[in-house]
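Scroll down for the structure; my scribbles are underneath it.
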Amino acid sequence: MLSLDHAIKGRRSIRRFKPDEIPVDTVRAVLEAGTWAPSAKNGQQWRFTVLTGESKKRFTAMFGSELTKLMKKKQSVGPGFGSLKVMEQAPVNIIVWNINEKGWITEVHSVAAAIQNMLLKAYSLGLGSLWIGDVFYLPEKIFQDFFEKDWQLSAGLALGIPDESPDPRPRMSVDQVTEFFP
Ligand SMILES: Cc1cc2nc3c(=O)[nH]c(=O)nc-3n(C[C@H](O)[C@H](O)[C@H](O)COP(=O)(O)O)c2cc1C
């Protein structure tokens, strides 16, 4: 089994994937790791929508056409099309939601903790992953209507067999980000 340090330091954001499908049990193992995250008042506020095959095609087509509409209206789509391309290539997309029952900021944190567990588990299983915040270039309501949910959108995730092995991105040192008080 991968050591925790190896997983934490070896994981990378992956933006190129092989076309191989991912067995559903592997996807379930990634989701299950998410469910072991800590959560505010143990509220387990995460929810997941897993897209593969046809459902993923329908979703990415919607994402692309909505980004195009925004672009035509001269609204910023940032690197949205780049992230769309990653989602199209990855065999598995996961939409991560926050049920946001209480409206607490800590519910947001619970879901982020679940996502991090999932990225690390994916890496430990030989999968690549990308956490995609570019979904927020679209108004959240478009996602809620498309998936018929009233949950809060948290992120998109792309999962698959990596087709690249990027170098680590630079990190600030502990001393750059910390103050120690005696
Ligand atoms: C909240 C969040 C949102 C992100 N959104 C995107 C995204 O939309 N598209 C993308 O290519 N990468 C996205 N990333 C990945 C970051 O760019 C990446 O984590 C960072 O550059 C560090 O690289 P590493 O993950 O390989 O260590 C996101 C990461 C986080 C945590």
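Assigning unit charges at the beta carbon (Lys, Arg +1; Asp, Glu -1) and nothing else, what dipole magnitude in debye, to the nearest 20, does the range 1-53 show about its Cα centre? It would help to have the intermediate numbers written out before the result.
Values: 9 positive and 5 negative charges, 65 e Å.
It comes to approximately 320 debye.
Please report, in debye to the nearest 20, how large the charge dipole of the chain is about its Cα centre when each Lys and Arg carries +1 at its beta carbon and each Asp and Glu carries -1 there.
My answer is approximately 440 debye.
For the range 26-85, state which GluC sites (Glu not before Pro) are in a DSSP loop and have at most 15 other beta carbons lying within 10 Å of their beta carbon.
Loop-located and lightly packed - none at all.
Once the Cα atoms of the range 10-50 are picked out, what are the Rg and Dmax in Å?
That works out to 13.4, 40 Å for Rg and Dmax.
Exceeding 20 Å between C-alpha atoms, which entries from my cross-link table qualify? They are Lys74/Lys149; Lys73/Lys149; Lys18/Lys56; Lys18/Lys149. The partial results should precede the final answer.
Details: Lys74/Lys149 28 Å; Lys73/Lys149 26 Å; Lys18/Lys56 16 Å; Lys18/Lys149 31 Å.
In this structure, Lys74/Lys149; Lys73/Lys149; Lys18/Lys149 lie more than 20 Å apart at Cα.
Using θ = phi - 60° and the Karplus form 6.51 cos²θ - 1.76 cosθ + 1.60, what ³J(HN,Hα) does each residue of the range 43-49 get, whole Hz, x for Gly and Pro?
Each residue of the range 43-49 in turn: x, 6, 6, 6, 9, 10, 10 Hz.
With θ taken as phi - 60° and the coefficients 6.51, -1.76 and 1.60, list the Karplus ³J(HN,Hα) couplings across the range 165-170 in order, rounded to whole Hz; mark glycine and proline as x.
For the range 165-170, the Karplus curve yields 9, x, 5, x, 6, x Hz.
Restricting to DSSP loop positions (anything but H, G, I, E, B) with no more than 10 other Cβ atoms inside 10 Å of their own Cβ, which chymotrypsin sites (Phe, Trp or Tyr not before Pro) remain in the range 92-182? Spell out each step's value before the answer.
Details: sites: Trp97, Trp104, Tyr123, Trp131, Phe136, Tyr137, Phe143, Phe146, Phe147, Trp151, Phe180; in loops: Trp104, Trp151, Phe180.
Listed in order of number, the matching sites are Phe180.
Restricting to DSSP loop positions (anything but H, G, I, E, B) with no more than 13 other Cβ atoms inside 10 Å of their own Cβ, which trypsin sites (Lys or Arg not before Pro) remain in the range 45-123?
Lys73, Lys74, Lys102
When 1/r is averaged over all different Cα pairs and the result inverted, which Kirkwood radius in Å belongs to the range 4-164?
The Cα-based Kirkwood calculation yields 16.0 Å.
Hey, for a label at Lys73 modelled as a point 7 Å past Cα toward Cβ, could you say which residues of the range 123-150 have their backbone N under 16 Å away?
Under cut-off, by backbone N: 136-146.
Pick out which of Pro23, Pro170, Pro79 has the largest mean-square fluctuation in a Gaussian network model of the chain, springs linking Cα atoms closer than 10 Å.
Comparing Pro23, Pro170, Pro79 in the GNM, the peak value goes to Pro170.
Mind checking the dipole of the range 38-81: about its Cα centre, +1 per Lys or Arg Cβ, -1 per Asp or Glu Cβ, Debye to the nearest 20?
Dipole about the Cα centre, nearest 20: 160 debye.
Which residues' amide hydrogens lie under 5 Å from the amide hydrogen of Gly160, considering only partners 5 or more residues apart or on another chain, with H built in the peptide plane?
Gly128
Using Cα centres only, tell me the gap between the range 27-51 and the range 117-168 in whole Å.
13 Å
Read-outs throughout are calculated quantities, based only on the coordinates presented, and are distinct from any laboratory measurement. Predicted model only: the values in this text are computed from it and were never measured. With ideal geometry, Cβ positions are generated from the backbone for all residues, glycine too; neighbour counts draw on all protein chains shown.
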